[in-house]
């Protein structure tokens with residue numbers, strides 16, 4: 001028999017891990033709700049026609065495709081199998097794929113349900129996504145995204161809200177972060193200035209590598225990609241910009257003076273800077289004109305968050321997309337959204353020991369099982385405690401006391417109720433505090449109020 005395993009890039013999560021993950025999910029969910037977002041869900045798989053062409057060439061390569069049901073080879077002869085390219089063959093064998101992100105499915109959802117929605121529509125979504133990427137630290141093939149989007153408005157106020165929402169999430173999680181801000185129109189303006197407006201995608205791919213390499217390496221990469229070396233001086237100036245956010249804007253306004261779209265991007269960026277009070281932020285808000293994030297559907301603001309205390313890459317990001325719904329038949333609908341990478345946030349918090357300080361231990365009550373006679377009287381007590389909102393379990397068998405107490409310790413149980421037949425006949429039980437090691441008697445009629453007070457459960 002072969003040893004069981006799971007696919008690379010995926011993980012199992014035990015009870016303690018799930019408790020920590022749920023703490024992250026609930027923190028993010030509470031901030032989303034605070035800003036008026038409502039929850040939706042979409043299927044794990046989408047039509048391939050929905051997914052392809054939305055994430056660039058690299059994104060299309062990383063899509064997990066699902067073989068058609070039944071005889072998926074029907075109508076394809078052996079010669080075709082042998083001669084067709086893998087991509088062409090996959091297109092014939094698969095018409096569905098696992099979702100790559102939550103934004104494109106959301107755009108599809110909006111188009112399909114547009115008559116049921118009130119615009120601007122504010123939704124959040126917390127579900128797994130799948131990418132056929134090479135697994136490595138901080139990068140998985142299956143991971144959760146926690147998205148919030150506003151669709152149906154051209155206003156830049158959502159961008160302002162998202163800055164504050166990002167700050168609030170990481171404030172509550174007690175993580176030091178930097179929030180990088182850019183605008184796709186600024187990048188388009190740079191492409192115009194160097195006389196390469198039709199090569200924006202390649203330009204942004206190269207510029208986006210600045211945080212992992214050097215200015216000279218980026219410029220060399222551009223030359224290798226076919227850009228005219230004599231035209232790249234403006235790019236060098238952009239990559240070496242220093243000073244405050246306002247200083248960078250001033251310099252770029254001169255550099256992009258002849259680019260209408262570039263100046264528009266600066267105007268939109270300044271709107272966000274004008275409406276965000278940085279003194280209220282815990283996160284560091286930085287204008288990064290090389291930031292691109294690599295997704296083809298961004299048309300305006302681009303946001304990316306990185307940890308200041310752990311080398312993990314992006315842990316949150318997003319941006320403005322002006323016509324993503326247009327590819328599904330609904331033109332002229334602008335949207336903007338952000339996404340939190342729960343897996344990376346988890347790994348960072350674990351490495352920094354944040355869960356120990358942020359999460360109170362779960363307060364459980366376990367009732368010792370002495371046998372069938374006592375059990376008949378203890379089960380109603382267990383029901384009473386649960387009805388009062390106190391997490392309670394009865395040990396399933398009449399094992400030795402030592403074994404039951406050991407179980408209580410391993411489960412992180414705070415209180416153990418111990419009651420033999422004589423105690424129950426006298427109308428009392430003993431409550432053992434596993435943390436302090438103390439034990440005291442308690443009348444049956446006081447057990448709920450006593451434990452509720454001890455556990456500080458607000459009912």
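Things to note:
- The set of residues in segment 299-330 being in contact (Cβ under 8 Å) with a residue 60 or more places away in the chain and in a helix (DSSP H, G or I) consists of 324, 325, 327, 328.
- Residues within segment 114-135 that are closer than 18 Å to residue 334 by Cβ and part of a loop (DSSP other than H, G, I, E, B), tallied: 5
- Any hit, segment 270-277, residues being under 18 Å from the mean Cα position of the chain (by Cα) and in contact (Cβ under 8 Å) with a residue 60 or more places away in the chain: no
Listed here are the residues, each with its yes/no results for (1) surrounded by fewer than 17 Cβ atoms within 10 Å (Cβ to Cβ); (2) at pLDDT below 95.
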residue: 75; (1), (2): yes, yes
residue: 95; (1), (2): yes, yes
residue: 98; (1), (2): no, no
residue: 101; (1), (2): no, yes
residue: 123; (1), (2): no, no
residue: 139; (1), (2): yes, yes
residue: 146; (1), (2): no, no
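- Residue check, residue 363 surrounded by fewer than 16 Cβ atoms within 10 Å (Cβ to Cβ) and modelled with pLDDT under 95: no
- Residue tally, condition out of contact with any strand residue (DSSP E or B) (no Cβ under 8 Å at 6 or more places or on another chain) and surrounded by 18 or more Cβ atoms within 10 Å (Cβ to Cβ), over segment 262-280: 1
- The condition (being over 19 Å from residue 21 (Cα atoms) and in contact with a strand residue (DSSP E or B) (Cβ under 7 Å, 6 or more places away or on another chain)) is satisfied by just one residue among 161, 133, 147, 154: 133.
- Test: residue in segment 374-382 that is within 24 Å of residue 17 (Cα to Cα) and under 40 Å from the mean Cα position of the chain (by Cα): no
- When residues of segment 171-219 are limited to those that are surrounded by fewer than 18 Cβ atoms within 10 Å (Cβ to Cβ) and touching a strand residue (DSSP E or B) at 6+ places or on another chain (Cβ under 9 Å), the one nearest to residue 24 (Cα to Cα): 176
- Failed criterion for residue 347 (all others in (1) assigned by TED's automatic domain parsing to the domain that holds residue 147; (2) part of a helix (DSSP H, G or I); (3) in contact with a helix residue (DSSP H, G or I) (Cβ under 7 Å, 6 or more places away or on another chain) hold): (3)
- Checked against (1) out of contact with any helix residue (DSSP H, G or I) (no Cβ under 8 Å at 6 or more places or on another chain); (2) within 18 Å of residue 328 (Cβ to Cβ); (3) part of a helix (DSSP H, G or I), residue 158 passes all but condition (2).
The values are calculated or read from the model by the stated rules, or taken from the named source; none is laboratory data. From a predicted model like this one, the values you see are computed outputs, not experimental measurements. For neighbour counting, all protein chains shown are included, and Cβ atoms are generated from backbone atoms with ideal geometry for every residue, glycine included.
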